[in-house]
Amino acid sequence: MQTVSKSAKTGRNAPCPCGSGRKFKKCCLRKNKININKSATLPNRINNVPIKTSEEISGIRRAGELVIRTLDLVESHLRPGMVTNEINTLVHDYTIKNNAVPAPLNYRGFPKSVCVSINEVICHGIPGNRRLQDGDIVNVDVTPILSGYYADASKTYFIGTPSDEARKIVDVSKECLKRALTMVKPGNTTGDIGWIIQDYAEAQGCSVVREFVGHGVGVDFHEAPQIPHFGKRGEGVELVPGMVFTVEPMINLGNRQLKILADNWTAVTKDGSLSAQFEQTILVTETGYESLTPYEL
Ligand code: MF3
Ligand code: CO
Ligand code: CO
């Protein structure tokens, strides 16, 4: 159980940082005093961002283990000539077999159980009849709901032999996530995460997609805070132990402009250039972070 260790710096008459809409002095300022004396739990939101309980964290970690097993299963089946619908069937059936529910299915009208995004597709590719070809890159983005808890992760894979361009965009996007995770620790901000991603990607001559961001996750699919993959140091929301969110930079080989196809989901690069993405679900700990969907970067 977490205990209150510091009092907030919020003014007595300012809106309470827990997001209740009440004045701080009428809300958590009073609770903090009571909490400190009684060693009670933290408010479950700070600056309107959910702070997960240890029970919730255990649930998200278990969902995360299922995500990783699902990605590994998909990877073992990937081959030139495979249609993306087969990936959907693999993910759907494996999720159900593990007593979980695929979160994408019927989410805001999304028609399938997994996002599969090939080459110039940035994200939200809908599985269908497109065939994987030698030299393609393909992102597979998996989100099960297990015992009510969500975990969200993706990887970009090579199909057959990659071109130099394919290697470059996959390497850069993977390194963006790796560097971003070094910024996840209490006291840093969401802006620090965005800054390090943008700084590296642009130095490599690549660009960062701005229309889609990382997000709080765990009890719901998309929660506060938003995690932009661009920005300035020190901006945004301060990171606090118990926050759980994704980091999922989408990096383009050309410029950052995108368009959405007529299916109202598929986001593609406007210039047709390659785009790649790696995503993990990250817990802020007292000393840094723990990935709840861990894989090597
Ligand atoms: N998994 C995606 C993300 O990283 C969200 C997909 S929404 C869907 O946030 F409806 F397309 F599945
Ligand atoms: Co996500
Ligand atoms: Co995702």
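Out of all the residues in the stretch 284-297, is one or more closer than 17 Å to I126 by Cα, within 15 Å of ligand 3 (Cβ to nearest atom) and not hydrophobic (A, V, I, L, M, F, W, C)?
no
Those residues that are within 17 Å of A103 (Cα to Cα) and of a type in the set (A, V, I, L, M, F, W, C), I need them from the stretch 133-146; list them, please.
Correct list: V140, V142, I145, L146.
Need at least 3 residues that are farther than 17 Å from T281 by Cβ, of a type in the set (A, V, I, L, M, F, W, C) and modelled with pLDDT under 95 per element, so show me which helices (runs of 4 or more DSSP H) inside the stretch 22-103 make the cut, counting only ones lying wholly within it.
Of the helices (runs of 4 or more DSSP H) lying wholly inside the stretch 22-103, those with at least 3 residues that are farther than 17 Å from T281 by Cβ, of a type in the set (A, V, I, L, M, F, W, C) and modelled with pLDDT under 95 span 28-38.
What are the pairs with Cβ atoms under 7 angstrom where one residue, in the stretch 81-94, is among the β-branched types (V, I, T) and the other, located anywhere, is open to solvent by 40 Å² or more (accessible area, probe 1.4 Å)? Sequence gap at least six, or different chains.
Listed pairs, sorted by first residue: V83/N129; V83/R130; V83/R131; T84/R130.
I'm trying to understand the selection: among the residues of the stretch 106-120, which are within 14 Å of ligand 3 (Cβ to nearest atom) and either in a strand (DSSP E or B) or under 14 Å from T89 (Cα atoms) (or both)?
The answer is K112, S113, V114, C115, V116, S117.
Test of understanding: among P186, P102, P80, which residue is within 15 Å of ligand 1 (Cβ to nearest atom) and not hydrophobic (A, V, I, L, M, F, W, C)?
P102
Within the stretch 251-274, count every residue that is among the acidic types (D, E) and out of contact with any Asp or Glu (no Cβ under 9 Å at 6 or more places or on another chain).
Residues flagged as among the acidic types (D, E) and out of contact with any Asp or Glu (no Cβ under 9 Å at 6 or more places or on another chain) within the stretch 251-274 amount to 1.
I'd like the full set of residues that are part of a loop (DSSP other than H, G, I, E, B) and surrounded by fewer than 22 Cβ atoms within 10 Å (Cβ to Cβ), limited to the stretch 189-208.
Step one: list which residues in the stretch 189-208 are part of a loop (DSSP other than H, G, I, E, B), which gives 204-206.
Selection gives Q204, G205.
Looking only at the stretch 216-230, which residues are assigned to a loop (DSSP other than H, G, I, E, B), more than 13 Å from ligand 3 (Cβ to nearest atom) and surrounded by fewer than 18 Cβ atoms within 10 Å (Cβ to Cβ)?
V219, D220
Among the candidates A63, A100, single out the residue that is open to solvent by less than 20 Å² (accessible area, probe 1.4 Å) and closer than 19 Å to G216 by Cα.
The unique qualifying residue is A63.
Kindly provide the set of residues from the stretch 231-281 that are assigned to a loop (DSSP other than H, G, I, E, B), in contact with a strand residue (DSSP E or B) (Cβ under 9 Å, 6 or more places away or on another chain), in contact (Cβ under 8 Å) with a residue 60 or more places away in the chain and more than 16 Å from ligand 3 (Cβ to nearest atom), ordered by number.
Result: V237, V240, P241, G242, M243, L253, S273, L274.
Give the number of residues within the stretch 105-152 that are within 8 Å of ligand 1 (Cβ to nearest atom), under 14 Å from the mean Cα position of the chain (by Cα) and either free of Cβ contacts under 8 Å to residues at least 24 places away in the same chain or open to solvent by less than 50 Å² (accessible area, probe 1.4 Å) (or both).
Qualifying residue count for the region: 6.
Which ones in the stretch 147-178 are under 16 Å from A100 (Cβ atoms), away from ligand 2 (no atom under 16 Å from the Cβ) and not hydroxyl-bearing (S, T, Y)? Please lay out each step first, then the result.
Restricting attention to the stretch 147-178, the residues satisfying the condition of being under 16 Å from A100 (Cβ atoms) are 147-153.
Filter once more, so that each one left must be away from ligand 2 (no atom under 16 Å from the Cβ): 147-148.
Selection gives G148 alone.
If we scan the stretch 265-277, do we find a residue that is out of contact with any Cys (no Cβ under 9 Å at 6 or more places or on another chain) and acidic (D, E)?
Yes, some residue in the stretch 265-277 is out of contact with any Cys (no Cβ under 9 Å at 6 or more places or on another chain) and acidic (D, E).
The values are calculated or read from the model by the stated rules, or taken from the named source; none is laboratory data. Quantities reported herein were computed from a predicted structural model and do not represent experimental measurements. Quick reminder, even Gly has a Cβ in these numbers, built from the backbone with ideal geometry, and neighbours come from all protein chains shown. All accessible areas refer to the heavy atoms of the entire protein, side chains included, with ligands and DNA or RNA removed. Shrake-Rupley method; radii C 1.70, N 1.55, O 1.52, S 1.80 Å.
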